[in-house]
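Shown next, in structure tokens, is the structure this report addresses.
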Amino acid sequence: MDENDGGKKGRQSKAYELDPRERAEIKEAFDLFDIERTGSISAKDTVVAFRALGTEPAKEDTRQIFSAIDKDGGDNLNLGELMKVMEMKLNQPMSQAEITRAFSMLQDEKTSKISLADLRKVAKEVGEDLDDEELLQMMKGAGATSIGDSIDFQQFASIVSE
């Protein structure tokens, strides 16, 4: 797998680092929860921010990551700590529940598969400006061989688990 593909967050052997766009998204989410502009958000808000940023952390994972990052031992994280938490989370392998949830969000309910049109729709919804060639490359990485091919759950799970 190409280390520079950018689409396999935390799933390659090289440690994943946030890009400038992701850092901006995390700052935006942080600012939404830092209503009083104290420079920190609560542990509870951190979990909600995770969800807003597209990750669904398990409660135990969140506790472990939070305690490893929160150096002052309080119940709050500052922006830098939240950035570290997100990098740690993205460097963890996806759980079966996360894989299933991601697939169900992408799949066509009629076919239970992911098509190029499904990827195109999702990319547009999340503001990714990807052309069909880039989307097709993603599908080929999961085993599709042509534009008309679709990805089933097993193919999807194998590619996101790498």
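The values are calculated or read from the model by the stated rules, or taken from the named source; none is laboratory data. Predicted, not measured: the structure shown is a model, and the values here were computed from it. Glycine also receives a Cβ, built like all others from the backbone with ideal geometry; neighbour counts cover every protein chain displayed. What goes into the accessible areas is simple: the full protein's heavy atoms, side chains included, and nothing from ligands, DNA or RNA. Shrake-Rupley method; radii C 1.70, N 1.55, O 1.52, S 1.80 Å.
Please determine whether any residue of the stretch 52-74 is at pLDDT 75 or above and over 19 Å from the mean Cα position of the chain (by Cα).
no
Given (1) at pLDDT 75 or above; (2) surrounded by fewer than 16 Cβ atoms within 10 Å (Cβ to Cβ), identify the lone condition not met by residue 41.
Looking at each condition in turn, residue 41 falls short on (2).
Tally time: how many residues in the stretch 75-92 are modelled with pLDDT of 75 or more, within 29 Å of residue 157 (Cα to Cα) and of a type outside the set (Lys, Arg)?
Going through the stretch 75-92 one residue at a time, the tally reaches 6.
Determine whether the stretch 111-128 contains at least one residue that is out of contact with any helix residue (DSSP H, G or I) (no Cβ under 7 Å at 6 or more places or on another chain), assigned to a strand (DSSP E or B) and not aliphatic (A, V, I, L, M).
yes
So, in the stretch 88-105, how many residues would count as being over 23 Å from residue 123 (Cβ atoms) and in a helix (DSSP H, G or I)?
Summing the residues that are over 23 Å from residue 123 (Cβ atoms) and in a helix (DSSP H, G or I) in the stretch 88-105 gives 3.
Quick one: in the stretch 81-113, which of the residues that are open to solvent by 70 Å² or more (accessible area, probe 1.4 Å) and basic (Lys, Arg) is nearest to residue 26 (Cα to Cα)?
By that ranking, first place goes to 84.
Within the stretch 119-148, restricting attention to residues that are acidic (Asp, Glu) and either touching a Lys or Arg at 6+ places or on another chain (Cβ under 8 Å) or within 17 Å of residue 54 (Cβ to Cβ) (or both), which residue is most open to solvent (accessible area, probe 1.4 Å)?
125
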